[in-house]
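Let me begin by handing over the structure; questions about it come next.
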Amino acid sequence: MALKTIDSLGDLSRQRVLVRADLNVPLDGQRITDDGRVRASLPTIERLAGAGAKVIVMAHLGRPKGQPEAKYSLQPVAARLAELLGRPVEFAGDTVGPLAQAAVAAAGDGDVVVLENVRFNPGETSKEDSERQAFAAELAALGDAFVSDGFGVVHRKQASVYDIAQILPAAAGGLVLAEVEALSRATTNPARPYVVVLGGSKVSDKLGVIGNLMEKADALLIGGGMVFTFLAAKGYAVGASLLEEDQIDTVKGYLDRASAEGVEIVLPTDIVVAEKFDRDAAHYDVAADQIPESWMGLDIGPDSRQAFAAKIRDARTIVWNGPMGVFEFPVFAAGTRDVAQAMIDSAGFSVVGGGDSAAAVRILGLPEAGFGHISTGGGASLELLEGKVLPGIAVLEA
Ligand code: ADP
Ligand code: MG
């Protein structure tokens with residue numbers, strides 16, 4: 001599949017180029033705790049500005065409900081972008097209203113404008129085609145061309161991702177191109193053994209992908225919050241751990257299918273349990289079938305860490321999505337750290353997907369260069385690995 005590139009847009013000088021970026025960074029109040037996505041957006045923005053375009057950045061932050069909410073303002077992100085670019089960035093206090101229009105009208109060649117959170121408008125994520133298209137048309141009126149570079153949202157059929165590409169001349173940015181290329185290495189003829197490590201807290205989202213990944217991978221290593229639905233499916237008590245009760249039957253089905261199809265599903269044999277969800281909580285290691293009532297599993301235990309690391313070191317393709325534990329609290333970070341370190345130690349091609357997983361690599365101080373590819377997209381990277389057609393990619397096909 002070949003995607004339209006920025007070159008296909010011709011001479012960009014004096015053109016207003018709308019760029020969809022993924023600037024959905026983790027925030028602690030106004031403070032950005034990991035700016036990886038902002039950094040990843042720089043090359044395309046710099047390239048367009050360097051070509052003399054007026055660069056108008058569209059992005060979202062968090063999940064506002066279709067109306068402005070101060071805590072989801074992109075203002076602090078625009079400020080960080082300005083720091084990283086080393087030049088002023090004009091922040092428009094609305095998305096398509098008078099402030100955005102004035103900011104775009106005032107922009108000179110090579111200037112960068114960031115629009116307010118596109119999800120402050122209900123049209124962005126509407127399920128109604130006509131509502132999305134109407135909002136996309138308002139966005140499109142601010143530009144002459146569209147560059148899709150927010151890889152983290154290309155699996156979404158949303159106004160600033162999908163519909164706008166049908167109105168303006170459109171192209172994939174360098175980040176989207178690089179992501180698609182790296183992830184297709186893991187999907188088209190992956191070197192084997194091919195090991196997928198899954199964790200994190202978006203349990204129901206991720207349980208759904210297991211069925212598809214089972215057809216492609218040789219082994220699935222399960223950690224993080226979804227472990228407990230697997231342990232419950234085996235009949236173990238899971239205390240106060242994260243549990244998707246309505247998914248237990250689905251998971252039982254996966255376990256049966258895996259043994260029938262010769263796919264290995266590796267579950268932790270021990271768990272770090274905590275008395276409560278807290279960075280200083282009392283905690284200790286227990287066998288996976290001995291989780292005490294009212295305690296919660298917040299990381300995989302030491303035996304599991306060794307077993308997971310051994311599988312990863314022997315693999316030739318490794319995809320990791322979702323932390324093994326609550327790595328934000330240092331005492332529950334060991335599982336995530338050991339899995340990531342094993343990926344670095346392995347000679348295989350390794351891909352990290354998932355916003356929090358990528359953030360964990362940086363927050364734990366691991367060298368990013370030790371990985372084959374660190375994706376900026378969680379859901380998008382998983383869907384590509386599942387072999388799905390993503391709407392925001394399909395619309396960029398040449
Ligand atoms: P990603 O962004 O990498 O796709 P998710 O968003 O699914 O990952 O999940 C990340 C979160 O999962 C982290 O904030 C981490 O603290 C949390 N997490 C991991 N293991 C557990 C667990 N056992 N219980 C609760 N939360 C967990
Ligand atoms: Mg996440």
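The values are calculated or read from the model by the stated rules, or taken from the named source; none is laboratory data. Note that the coordinates shown come from a computational prediction; the quantities given were computed from them, not determined experimentally. Using ideal geometry, Cβ is built from the backbone for each residue, glycine included, and neighbour counts are taken over all protein chains shown. For the accessible areas, the whole protein counts, side chains as well, though only heavy atoms, and no ligand, DNA or RNA atoms are used. Shrake-Rupley method; radii C 1.70, N 1.55, O 1.52, S 1.80 Å.
Of the residues 350, 304, 346, only one is over 25 Å from residue 205 (Cβ atoms) and in contact (Cβ under 8 Å) with a residue 24 or more places away in the chain; which?
346
Residues checked against (1) in a helix (DSSP H, G or I); (2) near ligand 1 (Cβ under 7 Å from one of its atoms):
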site: 320; (1), (2): no, no
site: 325; (1), (2): no, yes
site: 331; (1), (2): yes, no
site: 335; (1), (2): yes, no
site: 338; (1), (2): yes, no
site: 343; (1), (2): yes, no
site: 357; (1), (2): yes, yes
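Continuing with this model, one more query. Suppose we keep only residues that are in contact with a Gly (Cβ under 8 Å, 6 or more places away or on another chain) and of a type in the set (Gly, Ala, Ser) within segment 302-334. Which one would you say is most open to solvent (accessible area, probe 1.4 Å)?
Top of the filtered list is 334.
Can I ask one more? Assuming residue 311 fulfils every condition listed in (1) in contact with an Asp or Glu (Cβ under 9 Å, 6 or more places away or on another chain); (2) part of a loop (DSSP other than H, G, I, E, B) apart from one, which condition is it?
Among (1) in contact with an Asp or Glu (Cβ under 9 Å, 6 or more places away or on another chain); (2) part of a loop (DSSP other than H, G, I, E, B), the lone unmet condition for residue 311 is (2).
May I pose another question? I'm told residue 60 meets every condition in (1) modelled with pLDDT of 95 or more; (2) surrounded by fewer than 22 Cβ atoms within 10 Å (Cβ to Cβ); (3) over 16 Å from residue 171 (Cα atoms) except one. Can you identify the failing condition by its number?
Tallying (1) modelled with pLDDT of 95 or more; (2) surrounded by fewer than 22 Cβ atoms within 10 Å (Cβ to Cβ); (3) over 16 Å from residue 171 (Cα atoms), residue 60 fails exactly one: (2).
For segment 18-57, give me the residue count where each residue is on the phi > 0 side of the Ramachandran plot and either in contact (Cβ under 8 Å) with a residue 60 or more places away in the chain or surrounded by 18 or more Cβ atoms within 10 Å (Cβ to Cβ) (or both).
Residues meeting the conditions: 0.
Filter segment 366-398 for residues that are assigned to a helix (DSSP H, G or I) and either over 15 Å from the mean Cα position of the chain (by Cα) or under 24 Å from residue 166 (Cα atoms) (or both) and give the result.
If the condition is that a residue be assigned to a helix (DSSP H, G or I) and either over 15 Å from the mean Cα position of the chain (by Cα) or under 24 Å from residue 166 (Cα atoms) (or both), then 368, 369, 370, 379, 380, 381, 383, 384, 391, 392, 393, 394 are the ones that fit.
Do you know which residues across segment 139-161 are open to solvent by 40 Å² or more (accessible area, probe 1.4 Å) and touching a Gly at 6+ places or on another chain (Cβ under 8 Å)?
156, 157
Matching residues to (1) in contact (Cβ under 8 Å) with a residue 24 or more places away in the chain; (2) assigned to a loop (DSSP other than H, G, I, E, B):
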position	(1), (2)
127	no, yes
130	no, no
136	yes, no
152	yes, no
155	yes, yes
161	yes, yes
165	yes, no
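Kindly evaluate residue 195 against the criterion of being crowded, with 23+ Cβ neighbours inside 10 Å and assigned to a strand (DSSP E or B).
yes
Here is a follow-up. Where in segment 34-118 are there helices (runs of 4 or more DSSP H), lying fully within it, with 3 or more residues that are in contact with a Leu (Cβ under 7 Å, 6 or more places away or on another chain) and of a type in the set (A, V, I, L, M, F, W, C)?
Helices (runs of 4 or more DSSP H) meeting the threshold: 36-50, 75-85.
Test residue 282 against the criterion of being within 22 Å of residue 330 (Cβ to Cβ), open to solvent by less than 40 Å² (accessible area, probe 1.4 Å) and without any contact (Cβ under 8 Å) to a residue 60 or more places away in the chain, and give yes or no.
Judged against the criteria, residue 282 is not a match.
Whether any residue in segment 244-259 is within 16 Å of ligand 1 (Cβ to nearest atom), farther than 25 Å from residue 348 by Cβ and not in a helix (DSSP H, G or I) is what I want to check.
Yes: one or more hits.
Report, by residue number, each residue of segment 266-307 that is more than 11 Å from ligand 1 (Cβ to nearest atom) and assigned to a strand (DSSP E or B).
266, 270, 283, 284, 285, 286, 287
On the given criteria, is residue 325 within 21 Å of residue 382 (Cα to Cα) and in contact with an Asp or Glu (Cβ under 6 Å, 6 or more places away or on another chain)?
Yes, satisfied.
If you don't mind, another one. If only one of 223, 211, 239 is of a type in the set (Gly, Ala, Ser) and within 16 Å of ligand 2 (Cβ to nearest atom), which one is it?
223
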